[in-house]
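Engineer: Got a structure for you, written out below as structure tokens; questions coming shortly.
The values are calculated or read from the model by the stated rules, or taken from the named source; none is laboratory data. Since we're looking at a predicted model, the values are computed, not measured. Glycine gets a Cβ as well: all are built from the backbone with ideal geometry, and neighbour counts include every protein chain shown.
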Amino acid sequence: MVDGKKAEWCIVRLDSDMNWWVMETNWLPPASGEEGLGILDPNQVEHIFDLLEPMREYGLQPDTVERAFLRFAIDKDLGNGNIRLVAFDAGFDTNEEKLFALPMVSNDSSGGYAEFLEHISVIRVKMLNATERFSQKITLDDLDDAVAGIDDITPGTTHAFQEILAILEYHPFGVAASSDDDEDDDDDEWEMGLSDGQTIAAINEVSESTAH
């Protein structure tokens, strides 16, 4: 449910930034100001879950992740880079569908997605302090300061993928050297895949090519 209305479908488009953006929904009136929110595509969802997996050891709560997003499956390709999605009630880990994920964002900066961002920030700091040798422990304030430049999703500008990655890949001295090459390779693979075709077939192709 979104503001008392059941989310049934939405239409999304692939922009020149290689991200998908919500253009129309059944639960929001036209020109409501909420269209233009970024929605995670199946490849981005998979990448984020890969980054979340090692955080389970440090207290990541799967229920918090599930509550953060509305899940959608592909209904049909509308052409011109547009796809119609339909709501999918099952959880991320209960099926093999290639799911899109729309952050549960509210006007007062509360709700499931805000809780999710706060939760993964706490776990990221805990994980870094447990696995890295710092002269002094890093704090949640350190992480918040580092990601402040892209904090808070703004319709049509900040995409959820960038906001989440900023937290999951945060390191006080940059991305850990041991993972630089692998992450760069993954980024190149999905960017090339999404730019070739921009259709449902491209999504399927990209998800298969970047499976970890």
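Engineer: So how many residues does region 42-68 have that are crowded, with 16+ Cβ neighbours inside 10 Å and not in a helix (DSSP H, G or I)?
Structural biologist: The total comes to 2.
Engineer: Inside region 77-103, can you point out the residues that are touching a helix residue (DSSP H, G or I) at 6+ places or on another chain (Cβ under 8 Å), closer than 16 Å to residue 24 by Cα and either of a type outside the set (Phe, Trp, Tyr) or exposed (fewer than 15 other Cβ atoms within 10 Å of the Cβ) (or both)?
Structural biologist: 77, 83, 101, 103
Engineer: Give me a count of the residues in region 69-95 that are outside any helix (DSSP H, G or I) and over 16 Å from the mean Cα position of the chain (by Cα). Walk me through how you get there before you give the answer.
Structural biologist: Here is the first cut: in region 69-95, the residues outside any helix (DSSP H, G or I) are 69-91, 95.
Now narrow it down to the ones that are over 16 Å from the mean Cα position of the chain (by Cα): 74-90, 95.
Adding up the residues that qualify gives 18.
Engineer: Name the single residue, out of those in region 25-41 being surrounded by 18 or more Cβ atoms within 10 Å (Cβ to Cβ) and over 15 Å from the mean Cα position of the chain (by Cα), that is modelled with the lowest pLDDT.
Structural biologist: 35
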